[in-house]
């Protein structure tokens, strides 16, 4: 691992700058909900995981549905011991490999093309930005189940409840506020042997990527779940 990730705390702005250089998917598929995680959102997750909860530096990290490697490479940048990124899309993994070569990281980073069922083993930490289930109903629940099967701690993004308008009233750009779990996600987590430790709500900007998008960009609110296996 590079010396800079071991000897000092990495500033969030430095992490965002690093993540901004990770190239997105060249031809994303709507059916797989391949939305690039904005660098501000990815940095918020990883910085909290590393420095609030101590779950990145020196840990084994699994990135489920890794896409082009933004969360995986960010974890390596923060000093993860080993990182494994998994995605079913060959083009995404090819881009992730390209991004790794351009990252100048001296880290143990591994990429796997495959479905979630191909993932085995145990990891200290799982990070994921799963499909929210817009195209495939309850797709995120399958990711949660695999995350809790393989990880001791899970950091997972999910849709913020549409019935809660507090986020829109209180969130500022690049801000993060504490929230509570949705009963549905909490029940799913419990069914798979986990417990929700914290929930953080943040803004997620989706640029116009597909033909059905009618706006240049759209702001949605998402929840970052911090989950421990019990």
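The values are calculated or read from the model by the stated rules, or taken from the named source; none is laboratory data. If you're wondering where the values come from, they're calculated on a predicted model, not measured in any experiment. Here the Cβ is made from the backbone with ideal geometry for all residues, glycine too, and neighbour counts use every protein chain on show.
Across the range 126-146, the qualifying residues are those that are outside any helix (DSSP H, G or I) and modelled with pLDDT of 90 or more, and the one among them that is nearest to residue 193 (Cα to Cα) is 126.
Looking at the structure I just gave you, is residue 169 surrounded by 14 or more Cβ atoms within 10 Å (Cβ to Cβ) and either at pLDDT below 95 or out of contact with any helix residue (DSSP H, G or I) (no Cβ under 6 Å at 6 or more places or on another chain) (or both)? No, not satisfied. Among helices (runs of 4 or more DSSP H) entirely within the range 1-100, having at least 1 residues that are farther than 15 Å from residue 113 by Cβ, touching a strand residue (DSSP E or B) at 6+ places or on another chain (Cβ under 6 Å) and modelled with pLDDT of 95 or more singles out 39-47, 70-77.
Quick check: is even one residue across the range 90-108 surrounded by fewer than 16 Cβ atoms within 10 Å (Cβ to Cβ) and closer than 23 Å to residue 153 by Cβ? Yes, the range 90-108 contains a residue that is surrounded by fewer than 16 Cβ atoms within 10 Å (Cβ to Cβ) and closer than 23 Å to residue 153 by Cβ. Applying the criterion of being in a strand (DSSP E or B) and touching a helix residue (DSSP H, G or I) at 6+ places or on another chain (Cβ under 7 Å) to the residues of the range 101-111, the residue that is nearest to residue 19 (Cα to Cα) is 109. The residues listed here are 25, 47; of these, the one that is in contact (Cβ under 8 Å) with a residue 12 or more places away in the chain, farther than 19 Å from residue 154 by Cα, surrounded by 15 or more Cβ atoms within 10 Å (Cβ to Cβ) and in contact with a helix residue (DSSP H, G or I) (Cβ under 7 Å, 6 or more places away or on another chain) is 25. If you go through the range 201-230 and pick out every residue that is buried (at least 17 other Cβ atoms within 10 Å of the Cβ), at pLDDT below 95 and touching a helix residue (DSSP H, G or I) at 6+ places or on another chain (Cβ under 7 Å), you end up with 4. Only a single item in (1) crowded, with 20+ Cβ neighbours inside 10 Å; (2) under 23 Å from residue 19 (Cα atoms); (3) at pLDDT below 95 is not met by residue 185, and it is number (2).
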